[in-house]
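Q: Provided herewith is a single structure, encoded as structure tokens, for subsequent inquiry.
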Amino acid sequence: MKPTDNDNPPASVKAAWRKRVDAARAEITREQRDAEAAALARGLVELSASTVCAYVPFGTEPGSAQLLDVLRSRGVRVLLPVVPTGHGPLDWAEYSDVSSLRPGRYAFLLEPAGPRLGPHAVAEADIVLVPALAVDRVGVRLGRGAGHYDRSLVLASRRTRFVAVIRDTELVDRLPAEPHDVRMHAALTPGRGVVSLAESAQV
């Protein structure tokens, strides 16, 4: 098979994808975002877990803090990421409610104010909800490019399932992939709920 831009792509290829998705997200209205967030919260009923690593969406990312409260109302332990000062994996802390969130290293990212549990806390999760700009049919995820999640997900347990949270239009046929990219097992979308991305994935 000949190598293509999808295999070990230059940085410009991923940058072009990010620009395209960001432009599309900028066109989405507040009403659409609210409707999507409610649909994503309903879609969580398809996921069974006792501990979930999640995150607080910001800007035009799909979802809202409502997802966290839905999980908590079902008795799920919710861990949220804490961005490190360097380029290492994410730290984690437990979520209790919205009032416990504080601006983190980046002011636009809300993080829990409680005790830090360390990067290896991700191994306690049954499911990790992963922010993404897009994901393809074989689980390749397009992130923001900082690499924190790729360095964190390799610390998860073999039983842990990775679920990218995206809009329906952000589930695409093929994305550029690099060897270090950690594949997703499923995507959670507003319109389709949980979509398996690999035959062997069990979510």
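Q: If I model a spin label as a point 7 Å beyond the Cα along the Cα-Cβ vector, how far apart are those points for residue 28 and residue 192 in nm?
A: Between residue 28 and residue 192, the label points sit 1.5 nm apart.
Q: What ³J(HN,Hα) values, in whole Hz, does the Karplus curve 6.51 cos²θ - 1.76 cosθ + 1.60 give for the stretch 55-61 when θ = phi - 60°, with x put for Gly and Pro?
A: For the stretch 55-61, the Karplus-derived couplings read 6, 9, x, 9, x, 9, 5 Hz, x marking Gly and Pro.
Q: Report D for the stretch 96-164 in µm² per second (integer): Stokes-Einstein, Kirkwood Rh on Cα pairs, 37 °C, 0.692 mPa s. It would help to have the intermediate numbers written out before the result.
A: Details: Rh = 13.7 Å.
So the translational diffusion coefficient is about 240 µm²/s.
Q: If you filter the stretch 93-197 for chymotrypsin sites (Phe, Trp or Tyr not before Pro), then keep DSSP loop positions with at most 14 other Cβ within 10 Å, what is left? Write out the running numbers ahead of the final one.
A: Working: sites: 95, 106, 108, 149, 162; in loops: 95, 106, 108.
Answer in residue order: 106, 108.
Q: Report Rg(Cα)/(2.2 N^0.38 Å) for the stretch 8-101, keeping two decimals. Display every interim value, and only then the final one.
A: Working: Rg = 15.8 Å, N = 94, 2.2 N^0.38 = 12.4 Å.
Working it through for the stretch 8-101, the quotient is 1.28.
Q: Would you please give the FRET efficiency between residue 48 and residue 96, computed as 1/(1 + (r/R0)^6) with r the Cβ-Cβ distance and R0 = 22 Å, to the nearest 0.05? Spell out each step's value before the answer.
A: Numbers: r = 22 Å, r/R0 = 1.00.
About 0.50, to the nearest 0.05.
Q: Using modelled backbone amide H atoms (1.01 Å from N, in-plane), which distant-in-sequence or interchain residues come within less than 5 Å of residue 116's amide H?
A: none
Q: Right, another one. At a threshold of 8 angstrom on Cα-Cα distance, excluding pairs fewer than six apart, so keeping six or more, what relative contact order does the chain reach in percent? Can you show the working numbers first?
A: Numbers: 415 pairs, mean separation 44.1, N = 203.
Relative CO of the chain lands at 22 percent.
Q: Set Lys and Arg Cβ to +1 and Asp and Glu Cβ to -1, take the dipole of the stretch 21-151 about its Cα centre, and tell me which of 48, 79, 117 lies farthest positive.
A: Looking along the dipole axis, the top candidate is 117.
Q: Could you give the length gained by full extension between residue 72 and residue 13, i.e. 0.36 nm per residue of separation minus their alpha carbon distance, to one decimal place? Display every interim value, and only then the final one.
A: Numbers: separation 59, 0.36 × 59 = 21.24 nm, distance 3.87 nm.
Taking 0.36 nm per residue and subtracting the Cα distance, the gain is 17.4 nm.
Q: Still on this model: At 222 nm, what helix-only mean residue ellipticity would the chain give, in deg cm²/dmol to the nearest 500, using -39500 (n - 2.57) for each DSSP H run of four or more? Intermediate results must be reported in sequence, preceding the final value.
A: Values: 4 runs with 44 residues, N = 203.
The helix contribution divided over the chain gives -6500 deg cm²/dmol.
Q: Considering only DSSP beta bridges where both residues belong to the chain, give the percentage that are antiparallel (nearest 5). Kindly include the intermediate steps, with their values, before the conclusion.
A: Details: 13 of 29 bridges.
Taking every DSSP beta bridge within the chain, about 45 percent pair in antiparallel fashion.
Q: If you don't mind, another one. Taking the Cα centroid of the stretch 27-89 and of the stretch 151-190, what is the distance between the two, rounded to the nearest whole Å?
A: Taking the Cα centre of each part, the stretch 27-89 and the stretch 151-190 sit 15 Å apart.
Q: Determine one quarter of the surface area of the Cα convex hull of the stretch 47-185, which equals its mean projected area, and express it in nm² to one decimal. Show your work: numbers first, answer last.
A: Working: hull surface 32.1 nm².
With the hull built on Cα positions only, its mean projection is 8.0 nm².
Q: Assign one of three labels to the stretch 153-202, namely rounded, prolate or oblate, based on the Cα gyration tensor with a ≥ b ≥ c the square roots of its eigenvalues; rounded applies when a/c is under 1.5, prolate when it is not and a/b is larger than b/c, and oblate otherwise.
A: Oblate shape, in that a/c is at least 1.5 and b/c is the bigger or equal ratio.
Bear in mind that the values in this text are calculations on the coordinates, not laboratory data. These numbers were taken from a predicted model, which means no experiment stands behind them. Neighbour counts run over all protein chains shown; Cβ positions are idealised from the backbone, glycine included.
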